[in-house]
Amino acid sequence: MTRASNDPSDHDPPRYPPSYGGWPGIPERPRQFVSRPRLLDRFDSEPTAALTLVSAPAGTGKTALVADWASTRVPGRLEWITFDPGDVLWPSFTEALERLGIAVPPSSPPSDEAGLDPQLRRDLALAIASTSDAVTLVIDGYEVSSSSVATDLDFLLRHSGRRLRLVLLTRSDPVLPLYRYRLEESMTEIRMADLALDDHEAAGLLSQMGVTLTSESVHELNARTRGWVTGMRFAGRLLLDHDDPDADIGQVMGESGSIAEYLMGEVLADLSPRDLDLLMALSVPDVIEPGLAPTLAGDGADRALSSLAHVNVFLESVPDHPEHYRFHPFLRDLLRAELGYRSPETWRLLQGRAARWYAARGTLATAARHHASIEAWEDVARLVADHDAWAELLLADPTHPLVQVVLTVPADVEAPAAVLVRATLALAERDEERFDAEMARFAVDGEGSLDPDLERARALLLALRGREVPDPVRARALADTAEEAKRDHTRRDSALVPLALATKGIAQVRQGLTADARFSLRAGAVAADRSGSAPLMVECLGLLALVSCCEGDLTPATSAAAHAVRAAREAGLTVEDRSGAAEIALAWVAVEHFDLRAATDHLQAAESSRSVLSDPASRTLLALVRSRLRAAQGDRGAAISGVTAALDGLPDADRWLAARLRVELAAWLVARGDEQSARDAVEGVDEPSVSAALALLRAQVDLAAGHDVCAAVAMAEARDPAAPVAVRVAASLAECARLLRGGAGAQAQRAVTEALVLARPITLRRPFHEAPAPVRQLVLQDRQLAAAHAWLFDRSGAPMNRPTTRRPSEPVERTAPVEQLTEKETEVLGHLAALLTTEEIAAEMYISVNTVRTHVRNILRKLGVSRRNAAVRIARELELLPR
């Protein structure tokens, strides 16, 4: 027995300064020492506790902590006994009691680990209980492993009248009945997790060593050492030699030679060969989950594991995970290295066992990591194939653990599964050239050359690649092949099901088979929900919303798109990581409602999406909606340019998408007054789904040319009840313009009323904003009509002006200007009446300040005035504005 700790990590060679309260035997604290009030308070939290157990591995600061407490916090009498290996407890125990002034019975204590004589035990308990003040006995370094010693200590603690407090500093739990002390709340416990340094304490220790780090670097270093005091000291000493310690943390933590020597000497040297073999086997996984230990180390390993956790070999329970254990990273790495050095074959065998164990439980990333650790690359690839994990690779974030492992599969591994894995990653990264190169590496010598699982995966990947192929018919054929391949072999809840259905739905949209696409996408959304694949459900719902937009059904489009956005948020998907189809649909609806601000926001979100599953249909419809927004903002030139660019980038085979773009382009050309270019734009378009829109376009061209009779025939076709609502509304407004030009005011009013009734259920405002100025003025000046359709004048983007309050019988004192105001000029005039500045008008209408000034100059010229307030007054007299 000595009077100093035998834990070399806790202190330097013993010295006994007076500052430690004058009690001999209390070790001196280390030169670099940080007092830890949070732990000192734990000693005092249970004043009546008979037992204080400080149980932790070597180098965790046990001795230094208790010495600090004994020197600064203990108010009564204390004796400290430090034991060396082989020392016997009772002689030192009774000597300490005598130094505390307790009259020890004359009987000699045993000189070995035999139990106390019952009479001596009773006399000792009585002597302690008879003392006037409580005494504290610190036993440092003695492992209570003898049941007879434990029985005697327990007797003394329970029968000494609460006059004895025992503080045990140990590397392994004593065989005392600790469960009973816990139930009686008569024990304080401090363990390895409690002794771990927090960031503030770590920074203080490093500062005392002369090392200054940023708070971020301290946190990183402390996380790597898990708060292990000795590990932090080793790191601090190494950092003293570095000019830039913040930049060199990773390098320092890799220099673990000194730490390995320490662990070999202080932890592993005392283990039996059997226990060391067990620890090496259990070091293979990062976390030892329930049931894994027997797989690695044979029957009985679970019980042995539980015992080792109490011996404090840097094996700890995982917080919030019952019966899960893990080694400290330094010891784990040392054990792995030792196992690999002693028996490489055993190392490979255990890695394979762990991989298969995790794979059987569906933990693919961990299983793949174990295969990769022994460079079993074909097994990594087969793991993906055997568990149909292709969709996971396609949809997962690049930082996903499974993706990170399969990225390490070398390019020279020629196994078919490995080739498919690399092709899948290329497709996920939208690297079409690399994908095609990997797929070309297959040497397929006729049907059946691949096993069924790989054949299905190959068909699926080709189908997904088919989203980008120029021919939508070919894309659909590939999607059908993938759907057929997975039908009989894929689990019902597999993410492959919605992936194949989404791919098929896209191909059907590109062909204009919107009814079929709705069926595929609805089924895909349901399958994605069932499989728990939020990204696929978001994509299917978004595409479903776009299909509804194309068919003119804004209400179901809004519902599906809102559902998609809500599901994305609940799943934590960022705008960048999800399909942009739902945002495109919401922008489409917002433009039709003439809510230009909302449309702009949704388009920005759609353009931010970097989804690996983007498709030609979504990109084309995004261009279409963007052009509509630009036109609504008064920039028809940009609208025309946008549609033209989208057409130029569209494959010739995408005839259905091209037809929609060409009709849209022709509409803007007509509005600009270029009827011949409009006719050229739709030359040869015979797509049935746009026939009503083509009829409307012919009517608009005929009206512009003054061919009212031909226009009436075309408008009748466009106003057919089977036509989309937006087309019917625009056709009714065009008919209203024709009737106004012919002086048929009553019929014109009926036509505009028809348009309003059709548009109201879906809040369709855009056709009214784009209608000819006489039609807009008719709506504005008819008080009863305007009152019945107040929804048209709600502020949303750039609203129509409020209606006039003039009674029909009141005369107009001035005549209208010879040159009529354009729709945008009328809108600017309304903003002038609201006293908006030029800059505010520009922001409200999403146009430039210079464009606003041009509109103002034209208004002043047409109304024959030179000032804005005069223009507003004249406009009210002319009933171009409400009074």
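Tabulated results
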| item | result |
| --- | --- |
| Kirkwood Rh, Cα atoms: Rg over Rh of segment 116-176 | 0.97 |
| Viscosity 1.306 mPa s, 10 °C: Kirkwood-radius Stokes-Einstein D of segment 201-255 over Cα pairs, µm²/s | 149 |
| Rounded to 10°, Cα long-axis angle of helix 273-282 versus longest principal axis of the chain | 10 |
| Helix-only mean residue ellipticity at 222 nm for the chain, each DSSP H run of n ≥ 4 adding -39500 (n - 2.57), per residue, nearest 500 | -18000 deg cm²/dmol |
| Between 0 and 90°, nearest 10: helix 708-718 axis offset from the chain longest Cα axis | 30 |
| Beta bridge orientation in the chain: antiparallel %, DSSP, nearest 5 | 20 |
| Derived scalar couplings ³J(HN,Hα) [segment 640-656; Karplus, 6.51 cos²θ - 1.76 cosθ + 1.60; whole Hz; x for Gly, Pro] | 5, 5, x, 5, 4, 5, 5, 5, 5, x, 9, x, 4, 6, 7, 5, 5 |
| Largest to smallest principal axis extent of the C-alpha atoms in segment 13-155, angstrom | 46, 33, 28 |
| Approximate spin-label separation Ala843-Ala712, in nm, with each point projected 7 Å along Cα-to-Cβ | 5.0 |
| Table column - 3J(HN,Hα) (Hz), segment 43-50, Karplus curve with 6.51, -1.76, 1.60, x for Gly and Pro | 4, 9, 6, 10, x, 8, 5, 7 |
| Cα-based convex hull volume of the chain per residue, rounded to whole Å³ | 241 |
| For a label point 7 Å along the Cα-to-beta-carbon line of Thr48, residues of segment 119-162 with backbone N under 11 Å | 162 |
| Straight-distance crosslink candidates among aspartates and glutamates, where the alpha carbon sits under 18 Å from Lys824 and sequence neighbours closer than 8 are dropped | Glu592, Asp595, Asp635, Glu770, Asp794, Glu839, Glu840, Glu844, Glu879 |
| Protection-proxy order for peptides 728-735, 458-465, 383-390, each taking the mean of Cβ atoms within 10 Å per residue, highest first | 728-735, 458-465, 383-390 |
| Using a Förster distance of 25 Å, the FRET efficiency for Arg853-Thr822 (Cβ separation, nearest 0.05) | 0.95 |
| Amide hydrogen neighbours beyond the local backbone of Glu375, cut-off 5 Å, H modeled | none |
| For Leu881, residues with placed amide H under 5 Å, excluding near neighbours | Arg876 |
| Under-5 Å amide H pairs with Thr188, H placed in peptide plane, nonlocal only | Leu51, Thr52, Leu53 |
| HN-Hα J in Hz across segment 239-244 - Karplus 6.51, -1.76, 1.60, θ = phi - 60°, x for Gly and Pro | 5, 4, 8, 10, 6, 10 |
| Dimensions in Å of segment 687-795 - Rg and Dmax from alpha carbons | 13.2, 41 |
| Full-stretch length increase - Arg868, Glu185 - with 0.36 nm per residue and alpha-carbon distance subtracted | 237.3 nm |
| Packing-based ranking, highest mean first, of 821-831, 121-131, 32-42 given that Cβ atoms within 10 Å are counted | 821-831, 121-131, 32-42 |
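Each value in this text was obtained by applying a stated rule to the coordinates, not by laboratory testing. Since the structure is predicted, the reported quantities are computational estimates derived from the model, not experimental observations. In this analysis, Cβ positions are derived from the backbone assuming ideal geometry, glycine residues included, and neighbour counts consider all displayed protein chains.
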